C-alpha cells in the first residue's frame, strides 16, 4: 500500500473523535504519515489518552499549539500557567490525575517538548498551528510563539477572499495548513479554504468535528460532532 500524508486539526482532548477519524480514513499505521496541527489537549476529558495514542504512531509530525505549550509547562513544573485553567486546562489536569501511573508523564513531556513550531515539507507546504506575520515566513518570527498564537494569517485570508486580493506573505508557500481558529466561527464544520490556505480546525474542541485530510487528494474524513460524543 502506498504511503499517504494526512493532516489533522485540533483534537483538544477528544480521543473519541481521534479514534473515529483514524478509523474512517483507514489509517495505515505502518505506511501513512500523520501531521497533527497542534492543540492535542484541553477542554475535553481525555488529553492523557490522546497523547498516548499519538505517541504510538511511528510516522507522526506534531506541531506545537498554544494549549500544548501550557500543558508542557504544567508537566514540567506542576505550576498552572496564567490563563490555562479557564481555557480548558482543568480537563487536562484531571485527565492525568485519573490516568495515574498508567501514563508515563516523562514520555508525554518529551512528546510535547519535541513538537515543532512549524514544518515545511519538500514540496514547500507549510504546516503551522496558528500563523505568522513576518513577510519572509515563520522562521523569522520573533518571538516564535506567534506561530502558535497569531490569528492574523487566517483573518487576512478571509478578508482577502472577500476582496479578491491575496496577501503577499501567502505566496512564499505552495500550500499552508493551519488550525487554531475554529471554522465554526463562520458556521462551517468542514475544512475551509482561502487562496492556498486550508483551515483544519473544524471545532472538535467545542461542539464541532475533528477532521483529517489527505493533502494530495484533499479527501477528508470527520468524526461525529463533539456534542454527540461527550
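The values are calculated or read from the model by the stated rules, or taken from the named source; none is laboratory data. Values in this document were obtained by computation on a predicted structure and should not be read as measured data. Cβ atoms come from the backbone with ideal geometry, glycine included; neighbour counts cover every protein chain shown.
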**Item:** Selected residue (criterion: nearest to residue 213 (Cα to Cα)) from residues of the stretch 167-187 that are assigned to a loop (DSSP other than H, G, I, E, B) and touching a strand residue (DSSP E or B) at 6+ places or on another chain (Cβ under 9 Å)
**Value:** 179
**Prompt:** What single numbered condition from (1) at positive phi; (2) out of contact with any helix residue (DSSP H, G or I) (no Cβ under 6 Å at 6 or more places or on another chain); (3) buried (at least 22 other Cβ atoms within 10 Å of the Cβ) fails to hold for residue 34?
**Reply:** (1)
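Quick grid of which residues meet (1) buried (at least 19 other Cβ atoms within 10 Å of the Cβ); (2) in contact with a helix residue (DSSP H, G or I) (Cβ under 7 Å, 6 or more places away or on another chain):
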residue: 122; (1), (2): no, no
residue: 131; (1), (2): yes, yes
residue: 134; (1), (2): no, yes
residue: 141; (1), (2): yes, yes
residue: 145; (1), (2): no, no
residue: 159; (1), (2): no, no
residue: 162; (1), (2): no, no
**Test result for residue 61, out of contact with any helix residue (DSSP H, G or I) (no Cβ under 9 Å at 6 or more places or on another chain) and either within 19 Å of residue 144 (Cβ to Cβ) or surrounded by 16 or more Cβ atoms within 10 Å (Cβ to Cβ) (or both)** = yes
**Asked** Name the pairs: first residue in the stretch 152-166 and farther than 18 Å from residue 179 by Cβ, second residue part of a helix (DSSP H, G or I), Cβ to Cβ under 9 Å, at least 6 apart or on different chains?
**Response** 160/170; 165/159; 166/157; 166/160
**Message:** Residues that are crowded, with 16+ Cβ neighbours inside 10 Å, more than 25 Å from residue 116 (Cα to Cα) and out of contact with any helix residue (DSSP H, G or I) (no Cβ under 6 Å at 6 or more places or on another chain): does the stretch 191-213 have at least one?
**Reply:** no
**Request:** Would you point out which residue out of 125, 43, 113, 64 is under 16 Å from the mean Cα position of the chain (by Cα) and under 15 Å from residue 15 (Cβ atoms)?
**Result:** 43
**Request:** Hey, can you tell me all the residues within the stretch 170-188 that are touching a helix residue (DSSP H, G or I) at 6+ places or on another chain (Cβ under 8 Å) and either closer than 24 Å to residue 145 by Cβ or buried (at least 19 other Cβ atoms within 10 Å of the Cβ) (or both)?
**Result:** 170, 176, 178, 180, 181
**Message:** Just to be sure I understand the filter: pairs with C-beta atoms under 7 Å, separated by 6 or more residues or on different chains, first member in the stretch 1-21 and on the phi > 0 side of the Ramachandran plot and crowded, with 21+ Cβ neighbours inside 10 Å, second member outside any loop (DSSP other than H, G, I, E, B) and at pLDDT 95 or above. Which pairs pass?
**Reply:** 13/47; 13/50; 13/91; 13/92; 13/95
